[in-house]
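The block underneath contains the structure these notes are about, expressed in structure tokens.
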Amino acid sequence: MGNEEIAQLPMNDLVQTTNFETTSPARFNWPKWAVLFGFWTLFSLLYANQIYIEMLHNPNMHHSWLRIAFWQLMVWYVWGALSPLILKLGKWFPAEGRWWWKNLLILLGAGLLLAAVHSAAATGLKMVIEPFDAFSDSHPFLFQFRMELKNFYLFDFFIYWAIMGVGYAFDYRERYREREAHAAQLTSQLAQAQLESLKMQLHPHFLFNTLHTIAGLVRTNARAPAVDMIAGLSDLLRRALDSAAEQEVPLAEEKKFVELYLDIQKVRFSDRLTVRMEISDDALDALVPNLILQPLVENSIRHGVSSDEAAGVIVVEAFRNQGMLHLKVCDNGPGLQAGWRMEQSGGIGLANTRSRLEHLYGANQRFDVSNAPGGGMIASIVIPFRVKYGQD
């Protein structure tokens with residue numbers, strides 16, 4: 001199928017589905033648990049050796065190293081049993097964000113409680129295993145528990161924070177790797193958007209009509225409009241090629257790019273095309289995804305104005321409302337075909353737009369394409385209102 005045939009197809013026939021990678025199920029984090037259990041095993045053996053060597057200096061105290069090592073392994077593995085809860089607490093109450101100080105107080109209280117729990121467990125294990133043979137303490141549990149708290153409570157409290165710190169370190173590492181992968185994916189999508197923009201501008205049908213219009217202007221000695229149209233085409237292609245490798249640009253820059261494209265189209269369609277830019281002043285500094293509006297305007301031109309001999313109207317609207325930026329591209333063309341659904345038939349431009357919005361803003365965005373109540377089509381985008389750092 002040739003390019004000119006493609007240009008004549010309705011919107012539904014221009015659909016290309018995009019296969020997105022599904023998120024793999026969460027895997028057990030073996031490295032994190034290996035580090036934690038290695039930490040507990042190392043400390044238990046080191047501490048067992050220290051106790052055993054100290055007792056060797058006393059000729060009356062000859063105890064089994066294996067029993068002492070087993071006792072210390074059990075004591076330290078109690079932290080292994082408590083670690084999932086500690087790591088969950090770190091995720092449930094992160095010491096960052098707006099309420100970091102409240103979360104820190106909760107973690108502090110949990111640390112005081114879990115240090116006491118570990119001391120109680122260590123006391124019970126000591127009484128059951130009896131690591132010191134005949135020299136084992138025969139006092140009741142409460143007495144030994146108080147002695148354990150006196151000797152090791154602060155140390156246990158420190159171990160609680162050490163486990164929390166190891167968990168945070170792995171979490172930050174994972175989040176850093178996710179951000180790197182996310183940035184690489186966004187860069188790839190931006191490159192795709194740039195290529196799609198170039199492909200639409202270099203479309204033979206588009207160039208043929210543009211050059212035909214320029215030739216007509218030259219034949220009628222309308223040299224100024226012809227020169228303006230050539231310059232506009234050159235600027236449009238240059239902007240598409242030299243677009244900065246930023247995921248987001250101010251709406252004012254995006255507006256300039258769309259205006260260059262529409263200026264060429266207005267010369268081509270003469271009095272058949274009317275364009276209205278209804279962009280509020282306070283929205284011009286808002287950050288929008290680079291090359292996000294041009295594909296929507298191209299859709300309105302291709303499936304609205306060019307498919308109808310009547311006069312066409314395209315409205316590009318932008319305004320701020322309750323912390324969100326609203327973008328709309330409307331036309332008075334024939335609208336969408338009955339039963340059209342973007343989920344099933346979102347052409348490559350629409351699919352790419354939807355994917356970029358989802359990756360940039362997650363659930364805090366909305367992208368809809370629908371028929372206007374009075375006829376025509378409306379493409380609507382709602383994203384958080386943000387400006388470049390340092391701007392008011």
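The values are calculated or read from the model by the stated rules, or taken from the named source; none is laboratory data. What you are looking at is a predicted structure, and each value in this text was computed from that prediction instead of being measured. Here the Cβ positions follow ideal geometry from the backbone for every residue, glycine too, while neighbour counts run over all protein chains shown. Please note that ligands, DNA and RNA were not included when accessible areas were found on the heavy atoms of the full protein model with its side chains. Shrake-Rupley method; radii C 1.70, N 1.55, O 1.52, S 1.80 Å.
Quick one: is I314 open to solvent by less than 10 Å² (accessible area, probe 1.4 Å) and in a helix (DSSP H, G or I)? Here the answer is no, as I314 does not meet what is asked. Quick check: anything in region 272-280 out of contact with any Phe, Trp or Tyr (no Cβ under 6 Å at 6 or more places or on another chain), of a type in the set (S, T, Y) and open to solvent by 60 Å² or more (accessible area, probe 1.4 Å)? Yes, region 272-280 contains at least one residue that is out of contact with any Phe, Trp or Tyr (no Cβ under 6 Å at 6 or more places or on another chain), of a type in the set (S, T, Y) and open to solvent by 60 Å² or more (accessible area, probe 1.4 Å).
So for region 153-165 (the condition being within 30 Å of G362 (Cα to Cα) and either among the acidic types (D, E) or surrounded by 13 or more Cβ atoms within 10 Å (Cβ to Cβ) (or both)), does at least one residue qualify? Taking every residue of region 153-165 in turn, at least one turns out to be within 30 Å of G362 (Cα to Cα) and either among the acidic types (D, E) or surrounded by 13 or more Cβ atoms within 10 Å (Cβ to Cβ) (or both). Only residues that are touching a residue at least 12 places away in the same chain (Cβ under 8 Å) and open to solvent by 30 Å² or more (accessible area, probe 1.4 Å): list them for region 79-115, please. L85, K91, F93, A95, I106, L112, listed by residue number. Taking every residue in region 172-188 that is over 13 Å from Q247 (Cβ atoms) and pairing it with any residue that is surrounded by 10 or more Cβ atoms within 10 Å (Cβ to Cβ) and among the basic types (K, R), at least 6 positions away or on another chain, yields no pair with a Cβ-Cβ distance below 8 Å.
Restricted to region 353-368, and to residues there that are closer than 21 Å to I301 by Cβ and open to solvent by 20 Å² or more (accessible area, probe 1.4 Å), the residue that is modelled with the highest pLDDT is D368.
Tell me, please, whether a residue that is part of a helix (DSSP H, G or I), modelled with pLDDT of 75 or more and farther than 30 Å from H303 by Cβ can be found in region 18-33. Taking every residue of region 18-33 in turn, none turns out to be part of a helix (DSSP H, G or I), modelled with pLDDT of 75 or more and farther than 30 Å from H303 by Cβ.
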